[in-house]
Amino acid sequence: MTTQNSDPLHGITLQALLTELVDHYGWETLAARISINCFKSDPSIKSSLKFLRKTPWAREKLEQFYLQHKGVNTGHTASPRKPATQPAARAKPAAPRAADFQANIWGKK
């Protein structure tokens, strides 16, 4: 039994994806469409790959643009890859009340 992967980016390397977009659009157009400094300031495949591998949000933008370029309808604007999760914000503990503090001093609690 063969299982089919539903990820439209399955089997496509980041280097192949970036190279195809640069060949088709060029660095200037790519920088205008995706506002990432590595496409604007002295762009190269090597430096852009290094940045994209370390920066998930930038990679997601590039992948989404690539899918639009290919005409793949993902049905949403997020990347098909699993997004990074953010830790939940901690609630501040309630400040002790003066009455509780005094009760603890006098042994009434």
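Where a number appears in this text, it was derived from the coordinates with a stated rule and is not lab data. Only a predicted model underlies this, so the values are computations on that prediction, with no experimental measurement involved. Ideal geometry is used to build each Cβ from the backbone, glycine not excepted, and the neighbour counts take in all protein chains shown.
Quick notes on this structure:
- Overall form of segment 14-70 per C-alpha gyration tensor (a/c, 1.5; a/b vs b/c): rounded
- Extension reserve of the S35-D7 stretch, reckoned as 0.36 nm per residue once the Cα distance is removed: 7.6 nm
- What the phi angles of segment 8-15 give under the Karplus curve with 6.51, -1.76 and 1.60, with θ = phi - 60°, is a coupling list of x, 9, 4, x, 9, 6, 4, 5 Hz, glycine and proline written as x.
- With the highest mean first, a sort of the peptides 49-62, 10-23 on other beta-carbon atoms found within 10 angstrom per residue produces 49-62, 10-23.
- For the pair Q15 and F65, label points projected 7 Å from Cα toward Cβ lie 2.0 nm apart.
- With 0.36 nm allotted per residue and the present C-alpha distance subtracted, the V72-K54 stretch has 4.0 nm of extension available.
- Length added when fully stretched, S44-H24, from 0.36 nm per residue minus Cα-Cα: 5.7 nm
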